[in-house]
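This report refers to the structure that appears directly beneath it.
The values are calculated or read from the model by the stated rules, or taken from the named source; none is laboratory data. Here the structure is a predicted model, which is why all the values come from computation and not from measurement. In this analysis, Cβ positions are derived from the backbone assuming ideal geometry, glycine residues included, and neighbour counts consider all displayed protein chains.
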Amino acid sequence: MANTMKYTTLGNSGLKVSRICVGCMSYGDRRGRQPWVAEEAEALPVLEACYNAGFNFYDTANGYSNGVSEEILGKAIKKYNWRRENLAIATKLWSPVGYRKENENGRWDDALAMSVEERDRKGYLNMYGLSRKHIFDSVNASLKRLDLEYIDLLQIHRFDPNTPIKETMKALHDVVESGKVRYIGASSMWAHQLLEMQYTARLHGWTEFISMQNLHNATYREEEKEMIPSLKKFGMGMIPWSPVAMGFLCRPHVDFTSSDRGTSMKGTFLGNEWTDADKKINEKVEEIAKKRGTTMTVVALAWSLSKPFMTAPIIGMSKKERVDEAVQAINFELSKEDIESIDNLYEPKKVIGFA
């Protein structure tokens, strides 16, 4: 691994992670939920480049490409002989892992898009959520796909209102005690839900979350109101998803649909139209990038890394050039004036990203 990478600890734990986390939703099979992913042959060399650049923090999930994302990450670890002790491998559970059977359009089951009733009818009974049964089953399945003996950071992908919090937190504690998981983290939920889960664990002396994977970027900062103060209270690290707003902050907004992912999003972000304020932020990021002689991606990531509550934003890298940009961002400092010029354009929004 490269010795120029910057590292920090994840929350109040002793786990050291690179300042940017490699998002593995970008790797999988195009028959799955995301038709724009890099498949195995494309993904493996990029993952090798990530490791060689010093990135030790990798985030995937059971449901990404119906489990293929975990398999590709596991293959990279073995193929390139990555030193396991150096790695911080994170995965998530909650969502159902769709069956790999093609429909009439050549696509696999998208179990996440199904209603609860439809999932149960189509063979996914007890295969999603945060029940004790699913937590244990999911951990075992993820370990098999990753071909690893343990997971460094197991995260709950979403809150499950249908399972008692006490059951979930005890099960998470028990998988840590079993040796199959080292730490636990949470993702995308209301602050009051996180508080109840953390205090349930604390009351019983069980394992607490050390991290939160939430939505945060220059165009979406609603987490700063309640969630981020809550993370500070518990000493939790923040590893946000979509720090470049699903690519919106990587290129001028007039060119956004020039990428496969931008085209698939149809000019929206999680179904919401880009606002005038969003477009002004995009233009400001472009202006700073031109002024500083770098890319918009570097500026957007540097903005994220400038925040004192930030541990490691999660960024997908489907090409080796993206790896270089991520390294640049870690070592790129924005001026106070540049940061404020982006911050001052933000306008509050409706909370999104929990579904």
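Taking the range 232-242 only, how many residues are under 17 Å from the mean Cα position of the chain (by Cα) and either on the phi > 0 side of the Ramachandran plot or part of a helix (DSSP H, G or I) (or both)? I'd like the intermediate steps shown before the answer.
Here is the first cut: in the range 232-242, the ones under 17 Å from the mean Cα position of the chain (by Cα) are 236-242.
Those still in the list that are either on the phi > 0 side of the Ramachandran plot or part of a helix (DSSP H, G or I) (or both) too: 242.
Selection size over the range 232-242: 1.
So which of Trp82, Trp94 ends up being closer than 22 Å to Ile156 by Cα and among the aromatic types (Phe, Trp, Tyr)? Talk me through it step by step, then tell me what you get.
Working: Trp82 fails: closer than 22 Å to Ile156 by Cα.
The unique qualifying residue is Trp94.
Please go through the range 89-106 and pick out each residue that is at pLDDT below 95 and charged (D, E, K, R).
Lys101, Glu102, Glu104
Checking the conditions here, which among Glu118, Glu196, Glu208, Glu149 is of a type outside the set (Gly, Ala, Ser), out of contact with any Ser or Thr (no Cβ under 9 Å at 6 or more places or on another chain) and crowded, with 19+ Cβ neighbours inside 10 Å? Even if it seems obvious, please write down each step before you answer.
Details: Glu118 fails: crowded, with 19+ Cβ neighbours inside 10 Å; Glu196 fails: crowded, with 19+ Cβ neighbours inside 10 Å; Glu149 fails: crowded, with 19+ Cβ neighbours inside 10 Å.
Step by step, each of Glu118, Glu196, Glu208, Glu149 is checked, and only Glu208 is of a type outside the set (Gly, Ala, Ser), out of contact with any Ser or Thr (no Cβ under 9 Å at 6 or more places or on another chain) and crowded, with 19+ Cβ neighbours inside 10 Å.
Can you give me the number of residues within the range 311-346 that are in a loop (DSSP other than H, G, I, E, B) and touching a helix residue (DSSP H, G or I) at 6+ places or on another chain (Cβ under 6 Å)?
Of all residues in the range 311-346, those in a loop (DSSP other than H, G, I, E, B) come to 311-313, 317-319, 331-335, 344-346.
Filter once more, so that each one left must be touching a helix residue (DSSP H, G or I) at 6+ places or on another chain (Cβ under 6 Å): 313, 317-318, 332, 334, 345.
Of the residues in the range 311-346, 6 are in a loop (DSSP other than H, G, I, E, B) and touching a helix residue (DSSP H, G or I) at 6+ places or on another chain (Cβ under 6 Å).
Please work out which residue is surrounded by the fewest Cβ atoms within 10 Å (Cβ to Cβ), limiting yourself to the range 67-97 and to residues that are of a type in the set (D, E, K, R), in a helix (DSSP H, G or I) and out of contact with any Cys (no Cβ under 9 Å at 6 or more places or on another chain).
Taking the range 67-97 and keeping what is of a type in the set (D, E, K, R), we get 70-71, 75, 78-79, 83-85, 92.
With the extra rule that they be in a helix (DSSP H, G or I), the set shrinks to 70-71, 75, 78-79, 84-85.
Then drop every residue that is not out of contact with any Cys (no Cβ under 9 Å at 6 or more places or on another chain), which leaves 71, 75, 78-79, 84-85.
On the way: Glu71: 20, Lys75: 18, Lys78: 12, Lys79: 11, Arg84: 13, Glu85: 6.
Out of the qualifying residues, it is Glu85.
Would the range 137-146 turn up any residue that is of a type outside the set (D, E, K, R) and either touching a Gly at 6+ places or on another chain (Cβ under 6 Å) or assigned to a strand (DSSP E or B) (or both)?
First, pick out the residues of the range 137-146 that are of a type outside the set (D, E, K, R): 138-143, 146.
Going one step further and asking which of them are either touching a Gly at 6+ places or on another chain (Cβ under 6 Å) or assigned to a strand (DSSP E or B) (or both), we end up with 146.
Yes, some residue in the range 137-146 is of a type outside the set (D, E, K, R) and either touching a Gly at 6+ places or on another chain (Cβ under 6 Å) or assigned to a strand (DSSP E or B) (or both).
Filter the range 243-271 down to residues that are outside any helix (DSSP H, G or I) and either in contact with a Pro (Cβ under 8 Å, 6 or more places away or on another chain) or β-branched (Val, Ile, Thr) (or both) and give me whichever is modelled with the lowest pLDDT.
Of all residues in the range 243-271, those outside any helix (DSSP H, G or I) come to 243-244, 251-252, 259, 266-271.
Add one more test, that the residue is either in contact with a Pro (Cβ under 8 Å, 6 or more places away or on another chain) or β-branched (Val, Ile, Thr) (or both), and what stays is 243-244, 268.
Working: Pro243: 98, Val244: 98, Thr268: 80.
The extreme case among them is Thr268.
From the list Lys349, Lys290, Lys307, pick out the single residue that is part of a loop (DSSP other than H, G, I, E, B), more than 21 Å from Ser26 (Cα to Cα) and free of Cβ contacts under 8 Å to residues at least 12 places away in the same chain. Let's see the steps before the verdict.
On the way: Lys349 fails: free of Cβ contacts under 8 Å to residues at least 12 places away in the same chain; Lys290 fails: part of a loop (DSSP other than H, G, I, E, B).
Result: Lys307 is the single residue among Lys349, Lys290, Lys307 that is part of a loop (DSSP other than H, G, I, E, B), more than 21 Å from Ser26 (Cα to Cα) and free of Cβ contacts under 8 Å to residues at least 12 places away in the same chain.
Give the residue that is surrounded by the fewest Cβ atoms within 10 Å (Cβ to Cβ), with candidates limited to residues of the range 1-19 that are hydroxyl-bearing (Ser, Thr, Tyr) and at pLDDT 95 or above.
Of the residues in the range 1-19, the ones hydroxyl-bearing (Ser, Thr, Tyr) are 4, 7-9, 13, 18.
From what is left, the residues that are at pLDDT 95 or above are 7-9, 13, 18.
Numbers: Tyr7: 15, Thr8: 15, Thr9: 13, Ser13: 18, Ser18: 23.
Within the range 1-19, the match that is surrounded by the fewest Cβ atoms within 10 Å (Cβ to Cβ) is Thr9.
Quick one: in the range 272-287, of everything that is more than 13 Å from Leu334 (Cα to Cα), hydrophobic (A, V, I, L, M, F, W, C) and assigned to a helix (DSSP H, G or I), which residue is farthest from the chain's Cα centre (by Cα)?
Ranking the qualifying residues of the range 272-287, first place goes to Ala277.
Does Ala300 satisfy being modelled with pLDDT of 95 or more, assigned to a helix (DSSP H, G or I) and surrounded by 19 or more Cβ atoms within 10 Å (Cβ to Cβ)? Before the answer, list the steps.
Numbers: modelled with pLDDT of 95 or more: yes; assigned to a helix (DSSP H, G or I): yes; surrounded by 19 or more Cβ atoms within 10 Å (Cβ to Cβ): yes.
It is true that Ala300 is modelled with pLDDT of 95 or more, assigned to a helix (DSSP H, G or I) and surrounded by 19 or more Cβ atoms within 10 Å (Cβ to Cβ).
In the set Pro348, Pro313, Pro308, Pro240, which member is modelled with pLDDT of 95 or more, in contact with a His (Cβ under 7 Å, 6 or more places away or on another chain) and within 25 Å of Ala191 (Cα to Cα)? I'd like the intermediate steps shown before the answer.
Values: Pro348 fails: in contact with a His (Cβ under 7 Å, 6 or more places away or on another chain); Pro313 fails: in contact with a His (Cβ under 7 Å, 6 or more places away or on another chain); Pro308 fails: in contact with a His (Cβ under 7 Å, 6 or more places away or on another chain).
So the residue among Pro348, Pro313, Pro308, Pro240 that is modelled with pLDDT of 95 or more, in contact with a His (Cβ under 7 Å, 6 or more places away or on another chain) and within 25 Å of Ala191 (Cα to Cα) is Pro240.
Free of Cβ contacts under 8 Å to residues at least 40 places away in the same chain, within 25 Å of Glu337 (Cα to Cα) and buried (at least 19 other Cβ atoms within 10 Å of the Cβ): is that true of Gly247 in this structure? Spell out the reasoning first.
On the way: free of Cβ contacts under 8 Å to residues at least 40 places away in the same chain: yes; within 25 Å of Glu337 (Cα to Cα): yes; buried (at least 19 other Cβ atoms within 10 Å of the Cβ): yes.
Criteria met by Gly247.
How many residues does the range 98-119 contain that are assigned to a helix (DSSP H, G or I) and farther than 27 Å from Lys180 by Cβ? Outline the logic, then answer.
Applying the first criterion (assigned to a helix (DSSP H, G or I)) to the range 98-119 yields 111-113, 116-119.
Then drop every residue that is not farther than 27 Å from Lys180 by Cβ, which leaves 113, 116-118.
Number satisfying all stated conditions: 4.
Looking only at the range 202-226, filter to residues that are acidic (Asp, Glu) and assigned to a helix (DSSP H, G or I); which one of those is farthest from Ala355 (Cα to Cα)? Break it down into steps so the answer makes sense when it comes.
Our first condition is that a residue be acidic (Asp, Glu); within the range 202-226, this holds for 208, 222-224, 226.
Next, from what is left, pick out any that are assigned to a helix (DSSP H, G or I): 222-224.
Numbers: Glu222: 15, Glu223: 15, Glu224: 19 Å.
That would be Glu224.
Identify, please: which residue in the range 30-45 is of a type in the set (A, V, I, L, M, F, W, C) and under 18 Å from the mean Cα position of the chain (by Cα) and is, among those, surrounded by the fewest Cβ atoms within 10 Å (Cβ to Cβ)?
Taking the range 30-45 and keeping what is of a type in the set (A, V, I, L, M, F, W, C), we get 36-38, 41, 43-44.
When the remaining residues are screened for being under 18 Å from the mean Cα position of the chain (by Cα), the result is 36-38, 43.
Working: Trp36: 17, Val37: 26, Ala38: 20, Ala43: 23.
Restricting to residues being of a type in the set (A, V, I, L, M, F, W, C) and under 18 Å from the mean Cα position of the chain (by Cα), the top hit is Trp36.
Among the residues of the range 183-201, write down those that are out of contact with any strand residue (DSSP E or B) (no Cβ under 8 Å at 6 or more places or on another chain) and not small (Gly, Ala, Ser).
Met189, Trp190, His192, Gln193, Leu195, Glu196, Tyr199, Thr200
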